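The structure appears right after this line, and notes come after that.
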Amino acid sequence: MYELRKEDRLCKNREYQLVYRYGKSFVDRAVVLYVMRRSSERPVRMGFVTGKKIGCAVERNYCRRLMKEVYRLHRTELCDGYDLVLIGRVRLKNGGFADAERTIMRLFKQAGVLRKK
């Protein structure tokens, strides 16, 4: 079973604030990606955020599950040494998994956090 362990997540508000303040952002209509470089020996840490503009709790949870599933399937393709925050927007809930995957992978590629093949 898949588990997003505590050491693989951003947990504290302070960690999110650091990524927002010092990280670089990459924007799409459905998702915003914040990337902050860390030491290259450390594994990638990920955070998932959805705002209340998306809708009720059910819709926000659906969007977070979409983002987490894309991350789960592609986490081995990400370079170590980054803190990442994915922020879901309203457009994310209207599309399906394929749209979310295409969008998030495009942002990962733009940010340069994918491993070279």
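Give just the number: which of (1) more than 11 Å from the chain's Cα centre (by Cα); (2) part of a strand (DSSP E or B) does Val49 not satisfy?
Among (1) more than 11 Å from the chain's Cα centre (by Cα); (2) part of a strand (DSSP E or B), the lone unmet condition for Val49 is (1).
Which of the residues that make up the range 29-46 are in a strand (DSSP E or B) and either surrounded by fewer than 17 Cβ atoms within 10 Å (Cβ to Cβ) or on the phi > 0 side of the Ramachandran plot (or both)? Walk me through how you get there before you give the answer.
As a first pass, look at the range 29-46 and keep what is in a strand (DSSP E or B): 31-37, 45-46.
Result: Val32, Arg37.
Would you pick out the residues in the range 52-62 that are small (Gly, Ala, Ser) and surrounded by 12 or more Cβ atoms within 10 Å (Cβ to Cβ)? Can you show your working first?
Of the residues in the range 52-62, the ones small (Gly, Ala, Ser) are 55, 57.
Correct list: Gly55 only.
Only one of Glu59, Glu15, Glu3 is more than 25 Å from Lys109 (Cβ to Cβ) and either part of a helix (DSSP H, G or I) or of a type in the set (Ser, Thr, Tyr) (or both); which? Before the answer, list the steps.
Working: Glu15 fails: more than 25 Å from Lys109 (Cβ to Cβ); Glu3 fails: either part of a helix (DSSP H, G or I) or of a type in the set (Ser, Thr, Tyr) (or both).
After applying the criteria, what remains is Glu59.
Could you give every pair whose Cβ atoms fall below 7 Å, whose first residue belongs to the range 4-28 and is loosely packed, with under 14 Cβ neighbours inside 10 Å, and whose second residue is charged (D, E, K, R) and in a helix (DSSP H, G or I), counting only separations of at least 6 or pairs across chains?
Matching pairs, first to second residue: Leu4/Lys68.
Can you say whether Lys52 is without any contact (Cβ under 8 Å) to a residue 12 or more places away in the chain and within 22 Å of Asp8 (Cβ to Cβ), as far as the supplied structure shows? Give the steps one after another, and end with the answer.
Numbers: without any contact (Cβ under 8 Å) to a residue 12 or more places away in the chain: yes; within 22 Å of Asp8 (Cβ to Cβ): no.
Considered against the rule, which asks whether it is without any contact (Cβ under 8 Å) to a residue 12 or more places away in the chain and within 22 Å of Asp8 (Cβ to Cβ), Lys52 comes out as no.
I need the full set of residues from the range 71-93 which are touching a helix residue (DSSP H, G or I) at 6+ places or on another chain (Cβ under 6 Å) and either among the polar types (S, T, N, Q) or under 15 Å from Glu15 (Cβ atoms) (or both), in order please.
Quick first cut of the range 71-93, residues touching a helix residue (DSSP H, G or I) at 6+ places or on another chain (Cβ under 6 Å) only: 83, 85-86, 88, 90, 92-93.
Hits for the range 71-93 are Asp83, Val85, Leu86.
Which of the numbered conditions does Asp80 fail, given that it passes all the others? Conditions: (1) in a loop (DSSP other than H, G, I, E, B); (2) without any contact (Cβ under 8 Å) to a residue 12 or more places away in the chain; (3) not polar (S, T, N, Q).
(2)
Quick note: the coordinates plus some simple rules give every number you see, no bench work behind them. Here the structure is a predicted model, which means the values were calculated and not measured. Using ideal geometry, Cβ is built from the backbone for each residue, glycine included, and neighbour counts are taken over all protein chains shown.
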